[in-house]
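The values are calculated or read from the model by the stated rules, or taken from the named source; none is laboratory data. These figures come from a predicted structure and were not determined experimentally. Every residue, glycine as well, gets a Cβ built from its backbone with ideal geometry; the counts of neighbours run over all protein chains shown.
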Amino acid sequence: MPVCARDVGTYVGFMAVLIAFVVLARYQNGKLPDKVIITVAAVGLAFYAFDAFSSYLGFRSTTNDIRLISGLAFGSGISMLLFSAVSNLLYGKRTDHSRRTFTYRDLPLVYLLIALLSVPLLIDSGNFFYYLESTIVIASLLFMVFLIMLILVVNLTGWSFEKDKGMFPSIATACVLEAAILIVLWSAHHFGSVTLL
């Protein structure tokens with residue numbers, strides 16, 4: 001995998017929620033998720049933080065299966081909140097503010113998608129699934145960073161998809177910021193590994 005098991009879980013959870021968001025047309029809804037979804041996101045974050053910090057600090061050992069599950073819990077829960085923000089912030093008046101973006105009724109579908117996307121990770125499934133999962137992880141990472149940059153740009157500039165010059169300035173600025181972040185991270189990794197070796 002291009003990243004660790006915990007990160008793979010995070011990005012697979014993100015992709016499962018993205019699929020549900022598009023298939024169920026949740027981008028048309030503008031009301032924030034219900035309390036169950038917020039609780040699921042909080043529990044996922046707490047489990048992720050506990051698993052990461054307790055293992056890194058040496059209090060306990062962890063396995064790749066536990067790392068994957070904590071990443072899936074975190075990625076899916078936080079992504080439901082992220083996509084709710086995207087729907088509300090970017091589509092504004094075009095969304096139905098009487099309907100929630102995600103509710104507890106969406107959890108079975110999200111978890112089914114997570115199971116379908118993560119089965120090849122849990123078994124020795126060969127090269128095809130390795131490359132498929134790697135592609136899903138990389139695409140999820142890039143799209144997640146793009147969405148976060150897009151939300152940041154829209155919040156800081158006040159640009160909207162409904163007014164100003166439309167989507168282009170927001171999307172172009174978010175792409176430039178994402179590219180800058182990736183270049184900085186690659187540079188830090190490259191020069192860090194060169195100087196440490």
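Does the stretch 46-64 contain any residue that is buried (at least 16 other Cβ atoms within 10 Å of the Cβ), closer than 18 Å to residue 20 by Cβ, of a type in the set (A, V, I, L, M, F, W, C) and at pLDDT 90 or above?
No.
Could you give every pair whose Cβ atoms fall below 8 Å, whose first residue belongs to the stretch 145-157 and is within 15 Å of residue 78 (Cα to Cα), and whose second residue is small (Gly, Ala, Ser), counting only separations of at least 6 or pairs across chains?
Here the result reads 151/85, each pair linking the stretch 145-157 to a residue that is small (Gly, Ala, Ser).
What about residue 65, is it in contact with a Leu (Cβ under 9 Å, 6 or more places away or on another chain), part of a helix (DSSP H, G or I), under 30 Å from residue 154 (Cα atoms) and acidic (Asp, Glu)?
no
So the check is Cβ under 9 Å with 6+ separation or different chains; which pairs have a first residue in the stretch 10-30 that's outside any helix (DSSP H, G or I) and a second one that's of a type in the set (A, V, I, L, M, F, W, C)?
24/102; 24/109; 29/102
Among the residues of the stretch 83-112 satisfying the criterion of being surrounded by fewer than 22 Cβ atoms within 10 Å (Cβ to Cβ) and either within 18 Å of residue 47 (Cβ to Cβ) or β-branched (Val, Ile, Thr) (or both), which is modelled with the lowest pLDDT?
To start, the set of residues in the stretch 83-112 that are surrounded by fewer than 22 Cβ atoms within 10 Å (Cβ to Cβ) comprises 85-86, 88-100, 103-109, 111-112.
Those left that are additionally either within 18 Å of residue 47 (Cβ to Cβ) or β-branched (Val, Ile, Thr) (or both): 86, 95, 103, 107, 111.
Working: 86: 81, 95: 69, 103: 85, 107: 89, 111: 90.
It comes out as 95.
Would you be able to say whether some residue in the stretch 165-178 is part of a helix (DSSP H, G or I), modelled with pLDDT of 75 or more and within 24 Å of residue 4 (Cα to Cα)?
yes
Kindly list the number of the only condition in (1) without any contact (Cβ under 8 Å) to a residue 60 or more places away in the chain; (2) of a type in the set (Lys, Arg); (3) assigned to a helix (DSSP H, G or I) that fails for residue 60.
Result: residue 60 passes all but (3).
Filter the stretch 133-159 down to the residues that are hydrophobic (A, V, I, L, M, F, W, C), over 20 Å from residue 80 (Cα atoms) and surrounded by fewer than 17 Cβ atoms within 10 Å (Cβ to Cβ) and list them by number.
Selection gives 156 alone.
Taking the conditions exactly as written (out of contact with any Lys or Arg (no Cβ under 7 Å at 6 or more places or on another chain) and part of a loop (DSSP other than H, G, I, E, B)), does residue 77 satisfy them or not?
For residue 77, the condition - out of contact with any Lys or Arg (no Cβ under 7 Å at 6 or more places or on another chain) and part of a loop (DSSP other than H, G, I, E, B) - is not met.
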